[in-house]
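First up is the structure itself, then whatever we jot down about it.
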Amino acid sequence: MRSYELREKYLSFFREKGHAVIPSASVIPENDPTVLFTTAGMHPLVPYLLGASHPEGKRLTNVQKCIRTGDIDEVGDATHCTFFEMLGNWSLGDYFKKEAIQWSWEFLTSEKWLNIPREKLYVTVFAGDEDAPRDMESFNLWVSMGVPEDHIFFLPKENNWWGPAGQTGPCGPDTEMFIDTGKPKCGPDCSPACNCGKYVEIWNDVFMEYNKTHDGRYEPLSQKNVDTGMGLDRTIAILQGVESVYDTDLYKGIMDRIAQLAEKEYGQDPETTRAYRIVADHIRTSTFILGDEKGVTPSNVDQGYVLRRLIRRAVRYGLQIGIPEGSTPRIAEAVIDQYGSVYPELVKNRQFIMNELSLEEEKFQRTIKQGLKEFDKLISRLGADTKTIAGHDAFRLYDTFGFPIEFTQELAEEKGFKVDIEGFKESFRRHQEISQAGASQRFKGGLADHTEETARLHTATHLLHAALRKVLGDEVAQKGSNITAERLRFDFSFSRKMTPEEIEQVERLVNEAIDKDYEVVCEEMSLEDARNSGAIGLFESKYGSRVKVYTIGDFSKELCGGPHATRTGELGRFRIVKEESSSAGVRRIRAVLEH
Ligand code: SER
């Protein structure tokens, strides 16, 4: 089976079961400052799992672009990738365990769908603890499907519980489906819990019936949800009977392109194989980050830092296999060829992706040359009996020459040195505290809050968007936004810096709209009606065919998921704190509401 067939089959199956197919959300979360990337299909759906009504209804399905960089060092083995697609289906307070399990079984085993031999399937269910009972209902459902009891394992929370995505939010017990790869057991206790590679997880049905609170309690959610996720990359590797995700059709064109560019052949030895995979994975992820065109470009903070690290790591491992300078855009082309028909944003933003990659690569090549000289000087300064590079020196290489810490570590290792990583982290932390006090907030965890303050800032963002278009013209279009309880950040297309007069005029218009105390009216309609009504907003990226349109008097009409204030009079005084460049042709405004 080809990867596109798996995507199509999954969506058709759930369409037949009454689910609306919704598009993938961006890999950069909207309005959620607590995580850098979208990590699972459920992530953009959190407000709906908590009870908000989704314009497409209570049964949804999609293929979501996901990024998880926590295991970046493992990339290069058979299964780890920093980007993957997740096939998912959701019940928002509609069906629960019975249908979810029945449908999972049907999709996996029916001849019409994946036709996986039943005897190869194993499942795990939640064993129960002080927070939630043993999941006998799921156990009995699997037994009624014909799964033999010795193919069902009860496991604790570490294995069979999912969420919340941050530190608080929807979560619950899950039941996971595994395929027996046919490899020998690793020991007498070998089970799906042991990660030895015999059993590979392909699907997870989460029964989200709890909300984890700030004080660590699990309180029942007002609605019981189902959240399922099947990793496309991993599942297709199993179905294609190949050893690793890098040997599936998803990667074929990308690996072929790398082979054309490289001096060494794929599969020659473990190191070369690893380098090929790292280049392929990192350029694929970078292409998707840039392809969403949310104003993320390589930088030293947040998503920009991850992007920088991915590109630079790819260049570095590319050097190992003899890929010439300036090749990353050519590898990205192969990614776009592979994925462009499923994710048209990659084709649309091809030029932007290629430009950003070559700019970053050039910068890195320059700093590598300078930094290597610095590195050699540093080594020669160290006394003969010092075998450790101090944390602050490693930090200077990072800060001044853009050397990712792993790069310094690897260079050091080659010469028989170690790096004081704790010292590096300490310098890094101090630097962060000084330079961007706000960013540390991001790592505290927790889900995007839906407090009144955030709702007010959402409404203020609509007023700002409308005011910008009135003052600067229709060239202005939203490129991204990010709202916390303290401030809003809004990225929009505009080719030059705003003048102080323009900033003042925008502030005045927004404050006038606040003074008029308009009602904020929400209507659900089809995407087409929304377009025809003259609503503005991110039409392409995020929404299904039924959308919510928020109208604020005759001032603003915009597509949005909410939440919003009820009236503009609640907002307080609007003030623009900063207007700056975000990336080429994109400006960024930070603004606050003062009470
Ligand atoms: N959220 C669950 C997961 O990521 C199921 O979609 O596995």
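The values are calculated or read from the model by the stated rules, or taken from the named source; none is laboratory data. Just so you know, these numbers come straight off a predicted model, no measurement behind them. Cβ coordinates were reconstructed from backbone atoms using ideal geometry, including for glycine residues, and neighbour counts include every protein chain displayed. Side chains included, ligands, DNA and RNA excluded: accessible areas come from the protein's heavy atoms. Shrake-Rupley method; radii C 1.70, N 1.55, O 1.52, S 1.80 Å.
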Checklist entry - Among THR484, THR39, LEU464, which residue has its Cα positioned farthest towards the positive end of the charge dipole of the chain, with +1 placed on the Cβ of Lys and Arg, -1 on the Cβ of Asp and Glu, and the dipole taken about the Cα centre? => result LEU464
Item to check | Solvent exposure of segment 1-78 as accessible area per residue, Å², 1.4 Å probe | outcome: 35 Å²
Item to check | Restricting segment 75-163 to GluC sites (Glu not before Pro) in coil, as DSSP defines it, with at most 12 other Cβ within 10 Å | outcome: GLU111, GLU130
Checklist outcome for this item: Most packed first (mean Cβ within 10 Å per residue), the peptides 44-50, 286-292 order as 286-292, 44-50
Next on the checklist: Report the Cα centroid-to-centroid distance between segment 60-119 and segment 316-336 in angstrom, as an integer.
Outcome noted: 31 Å
Next on the checklist: If you split all Cα-Cα distances of segment 31-74 into 5 Å bins from zero, what percentages do you get per bin, shortest first?
Outcome noted: 5, 18, 25, 21, 17, 8, 4, 3
Checklist entry - For segment 122-163 and segment 203-249, what is the separation of their Cα centres, given in Å? => result 15 Å
Checklist entry - Taking the convex hull of the alpha carbon atoms in segment 220-351, what volume per residue do you get, in Å³? => result 166 Å³
Checklist outcome for this item: Magnitude of the Cβ-charge dipole (Lys and Arg +1, Asp and Glu -1) of the chain about the Cα centre, nearest 20 debye, reported as 1100 debye
Checklist entry - Scattering from the C-alpha atoms of the chain alone, worked out with Debye: what is log10 I(q)/I(0) at q = 0.10, 0.11 1/Å? => result -0.97, -1.17
Checklist outcome for this item: Square roots of five times the C-alpha gyration tensor eigenvalues of segment 454-595, ordered largest first and given in whole Å, equal 22, 18, 13
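Using only C-alpha positions, report the orientation-averaged shadow area of the convex hull of segment 141-234, nm², one decimal.
Values: hull surface 30.4 nm².
Over all viewing directions, segment 141-234 projects a mean Cα-hull area of 7.6 nm².
Once you charge only the Cβ atoms, +1 for Lys and Arg and -1 for Asp and Glu, what is the size of the charge dipole of segment 304-347 about its Cα centre, to the nearest 20 debye?
Values: 6 positive and 4 negative charges, 76 e Å.
The dipole magnitude comes to about 360 debye.
Can you give the Kirkwood hydrodynamic radius of segment 457-541 from its Cα pairs, in Å with one decimal? If you can, show how the numbers build up before the last one.
Numbers: mean 1/r = 0.0705 Å⁻¹.
It is 14.2 Å.
Determine the per residue accessible area of segment 314-356 with all protein chains present and a 1.4 angstrom probe, expressed in square angstrom.
On the way: 1750 Å² over 43 residues.
That works out to 41 Å² for each residue.
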Item to check | Semi-axes of the equivalent ellipsoid for segment 217-280, Cα gyration tensor, largest first, Å | outcome: 38, 13, 10
Checklist entry - For the chain, what % of the accessible area comes from carbon and sulfur atoms, probe 1.4 Å? => result 48 percent
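Give me the accessible area per residue for segment 232-301, probe 1.4 Å, as a whole number in Å². Intermediate results must be reported in sequence, preceding the final value.
Working: 2430 Å² over 70 residues.
Accessible area per residue, segment 232-301: 35 Å².
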Checklist entry - Mind listing P(r) for segment 308-359? All alpha-carbon pairs, 10 Å bins, whole percents. => result 25, 51, 23, 2
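Could you sort PHE352, PHE490 by accessible area so the largest value comes first, with the probe set to 1.4 Å? Walk me through the numbers on the way to the answer.
Values: PHE352 40, PHE490 0 Å².
Sorted descending by solvent-accessible area, the residues read PHE352, PHE490.
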Checklist entry - Put +1 on the Cβ of each Lys and Arg and -1 on the Cβ of each Asp and Glu in the chain; which of VAL592, ILE323, VAL63 then has its Cα farthest toward the positive end of the dipole? => result ILE323
Checklist entry - Which loop GluC sites (Glu not before Pro) in segment 303-379, with loop taken from DSSP, have no more than 14 other Cβ atoms within 10 angstrom of their Cβ? => result GLU325
Next on the checklist: Kirkwood Rh and Cα-based Rg: tell me the resulting Rg over Rh for segment 65-112, rounded to two decimals.
Outcome noted: 1.15
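If we sort 64-71, 492-499 on the protection proxy, mean other Cβ atoms within 10 Å, highest first, what's the order? Display every interim value, and only then the final one.
Details: 64-71: 18.9, 492-499: 14.8.
In decreasing order of mean packing, 64-71, 492-499 become 64-71, 492-499.
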Checklist outcome for this item: Farthest towards the positive end of the dipole of segment 90-178, among TRP142, PHE126, ILE116 and with Cβ unit charges of +1 on Lys and Arg and -1 on Asp and Glu, lies the Cα of ILE116
Checklist entry - Hey, which lysines would be in cross-link range of LYS264, C-alpha to C-alpha under 21 Å, not counting anything within fewer than 8 residues on its own chain? => result LYS252
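Once the convex hull of the alpha carbons of segment 115-181 is built, what does its volume come to per residue, in cubic angstrom? Spell out each step's value before the answer.
Details: hull volume 7.4 nm³, N = 67.
With only Cα atoms used, segment 115-181 gives 110 Å³ per residue.
Top to bottom by accessible area (1.4 Å), largest first, where do ASP385, ASP399, ASP337 land?
On the way: ASP385 140, ASP399 65, ASP337 105 Å².
Sorted descending by solvent-accessible area, the residues read ASP385, ASP337, ASP399.
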Next on the checklist: Using each residue's phi in segment 148-159, evaluate 6.51 cos²θ - 1.76 cosθ + 1.60 at θ = phi - 60° and report the 3J(HN,Hα) Karplus result to the nearest Hz, with x for Gly and Pro.
Outcome noted: x, 4, 7, 9, 10, 10, 8, 10, x, 4, 3, 9
